[in-house]
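As structure tokens, the structure follows; a few thoughts come after it.
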Amino acid sequence: MKHSKTIERYAGSPADLAEDAGNLYYDSLAELLTLMSEKLKRDAAADRKRNRRRLAAELAACGTHLEQAAGHIREAWRICEPYMELEKPR
């Protein structure tokens, strides 16, 4: 795994990325958060295998929190979806 300070194929700043992600429809944002959660849990498992227990525990906890956040965003989508256009643009 290669870590970096920037995101490949994204030219904006981290603040831009947060803003762009926050502007997604909530169902799409929930999917992104779920994918990020899964990635962190995979990283946690890899670090657990390397005997990096504290790091693994923190990454797993972060993954769990993101999973919970995705659930809240899904609920927000359920609440607001009836007010959205019938066909949302992609």
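The values are calculated or read from the model by the stated rules, or taken from the named source; none is laboratory data. Note that the structure is a prediction, hence the values are computed from the model and not measured. Heads up, the Cβs are rebuilt from the backbone with ideal geometry, glycines too, and the neighbour counts pull from every protein chain shown. Only protein heavy atoms, including side chains, enter the accessible area calculation; ligands, DNA and RNA are left aside. Shrake-Rupley method; radii C 1.70, N 1.55, O 1.52, S 1.80 Å.
Find the all-direction average of the projected area of the Cα convex hull for the chain, expressing the result in square nanometres with one decimal place.
7.0 nm²
What net charge do the residues around Thr34 carry, taking every other residue with its C-beta under 14 Å from that of Thr34, with Lys and Arg at +1 and Asp and Glu at -1?
Its environment carries a net charge of -1.
Taking Cα atoms, how many degrees apart are the long axis of helix 26-49 and the longest axis of the chain, rounded to 10 and kept between 0 and 90?
That helix lies at roughly 10 degrees to the long axis.
Per DSSP H run of at least 4 residues, take -39500 (n - 2.57); add these up for the chain, divide by its residues and hand me the 222 nm value, nearest 500 deg cm²/dmol.
-23500 deg cm²/dmol
Roughly how much of Glu19 is accessible, in Å² to the nearest 10, using a 1.4 Å probe?
For Glu19, solvent-accessible area is about 110 Å².
Quick one: putting +1 on the C-beta of Lys and Arg, -1 on the C-beta of Asp and Glu, what dipole do you get for the chain around its Cα centre, in Debye to the nearest 20?
In debye, rounded to 20, the chain gives about 880.
Would you list, by chain and number, the aspartates and glutamates whose Cα falls below 18 Å from the Cα of Lys39, excluding same-chain residues fewer than 8 positions away?
Glu8, Glu31, Asp47, Glu58, Glu67
Normalising by the residue count of the chain, find the relative contact order in percent from Cα pairs under 8 Å and 6+ residues apart.
30 percent
Taking the chain as the reference, fit the longest principal axis to its C-alpha atoms, fit the long axis of helix 53-80 to the helix C-alpha atoms, and give the angle between the two in degrees, 0 to 90, nearest 10.
Taking Cα atoms only, the helix is inclined about 10 degrees.
Give the residue from Pro14, Met36, Ala46 lying farthest towards the positive end of the charge dipole for the chain; charges sit on Cβ (+1 for Lys and Arg, -1 for Asp and Glu) and the dipole is referred to the Cα centre.
Ala46
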